[in-house]
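Asker: Let me give you the structure first, and then I'll get to my questions.
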Amino acid sequence: MKFNKIKDHLASYTVGIAGAGGLGSNCAVALARSGIGQLVIADYDIVESNNLNRQYYFTDQVGMKKTEALKENLYRVNPAVRVDIHDIKLTRENIPDIFRACDIIVEAFDSSVMKEMIAETVLGEWPDKPIILGSGLAGYGKTNKLKERVIGSTIIICGDEESETGDDLPSMAPRVGIVANMQANAVIEILMKKKDHEDNT
């Protein structure tokens, strides 16, 4: 299928991204380049200089809110994408309102507690809505350990599910970027299967 047909199909969908750090910012850019119609992005942090080794921001954006900086970058990549930003810390209470209109949700947190919280909230609120999780992406090398694991019909985990970020195992651009793009790829695969289903009915 030619890219224009893929892009036209993806333009009708909305993807939620919970977190605008290494995973979230890179995943958002990949989806914008692919032609996704709308992104709903939530994060409450600001861009810091130590984020630039793995997150899709630039030196002149240090000090900006991540949501605003990412929106600016996404429009430079694809002016047609619609970007809805929320400068807020996500909770069990506000997730249903923020991501209600999304067809798929991408989890992009650093904290395992937050990962568990959004997974439980999404599964409880929308049992049939896919959620793409990231787990295990610290350090460098060992690319062959990065994988996609499907649980049931709505949960996909991308990463090695082992490596935890620490002082001696920092998050770095190559593996973070690979996992973020795995998440974006999983989103596109799910949405393109919808087209295959529609074409066959």
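All of the numbers you see were taken from the coordinates with simple rules; none came from a lab. Please read these numbers as outputs of a predicted model, since none were measured by experiment. All Cβ positions, even for glycine, are placed from backbone atoms using ideal geometry, and neighbour counts span all protein chains on display.
Asker: GluC sites (Glu not before Pro), restricted to segment 90-142: which are DSSP loop and have at most 15 other Cβ atoms within 10 Å?
Answerer: The qualifying sites are E93.
Asker: Something else: For segment 3-199, what class follows from the C-alpha gyration tensor (a ≥ b ≥ c being the square roots of its eigenvalues): rounded when a/c is under 1.5, otherwise prolate if a/b is larger than b/c, else oblate?
Answerer: Rounded, because the longest to shortest axis ratio a/c is under 1.5.
Asker: Further question on the same structure: Tell me the relative contact order for the chain as a rounded percent, counting alpha carbon contacts under 8 Å between residues six or more apart.
Answerer: 23 percent
Asker: In whole Hz and in residue order, list the ³J(HN,Hα) couplings for segment 52-67 that follow from phi through the Karplus curve 6.51 cos²θ - 1.76 cosθ + 1.60, θ = phi - 60°; x for Gly and Pro.
Answerer: The phi angles translate into 6, 6, 8, 9, 7, 9, 10, 4, 6, 9, 4, x, 6, 5, 4, 4 Hz.
Asker: Measuring from label point to label point, each 7 Å out along Cα→Cβ, what is the E161 to K129 span in nm?
Answerer: That separation, rounded to one decimal, is 2.4 nm.
Asker: Just to check I understand the Karplus step: with θ = phi - 60° and J = 6.51 cos²θ - 1.76 cosθ + 1.60, what whole-Hz values come out for segment 99-110, glycine and proline as x?
Answerer: Once rounded to whole Hz, the list reads 10, 4, 7, 7, 7, 9, 10, 9, 8, 9, 8, 8.
Asker: What does the extension gain come out to for E68 and E189, with contour length at 0.36 nm per residue minus their alpha carbon separation?
Answerer: My answer for the length gained is 40.8 nm.
Asker: Counting helices only, and only those DSSP H runs with n ≥ 4, report the 222 nm mean residue ellipticity of the chain as the sum of -39,500 (n - 2.57) divided by its residues, in deg cm²/dmol to the nearest 500.
Answerer: -12500 deg cm²/dmol
Asker: What is the sum of charges, Lys and Arg at +1 and Asp and Glu at -1, for the other residues whose Cβ falls under 12 Å from the Cβ of R92?
Answerer: Computed value for this residue: -4.
Asker: Grab the Cα-Cα distance for T143 and N94, subtract it from 0.36 nm times how many residues apart they are, and report the gain in nm with one decimal.
Answerer: Computed gain between T143 and N94 is 14.1 nm.
Asker: Still on this structure: Return the loop-located GluC sites (Glu not before Pro) in segment 14-87 (DSSP other than H, G, I, E, B) with at most 15 other Cβ atoms within 10 Å of their own Cβ; answer none if there are none.
Answerer: Listed in order of number, the matching sites are E48.
Asker: Taking 0.36 nm per residue of sequence separation and subtracting the Cα-Cα distance, how much length would be gained by fully extending the chain between E120 and F3, in nm to one decimal?
Answerer: 38.6 nm
Asker: Please list the non-local residues whose amide H lies under 5 Å from the amide H of S12, H modeled 1.01 Å from N, same-chain partners needing a gap of 5 or more.
Answerer: Here the answer is G37, since their amide H atoms fall under 5 Å of that of S12.
Asker: Sticking with this structure for a sec: Just how large is the dipole of the chain about the Cα centre, in debye to the nearest 20, putting +1 at every Lys and Arg Cβ and -1 at every Asp and Glu Cβ?
Answerer: 740 debye
Asker: Apply the Karplus curve 6.51 cos²θ - 1.76 cosθ + 1.60, θ = phi - 60°, to the phi angles in segment 90-96 and return the couplings in whole Hz, x for Gly and Pro.
Answerer: Those phi angles translate into 6, 9, 4, 7, 9, 4, x Hz.
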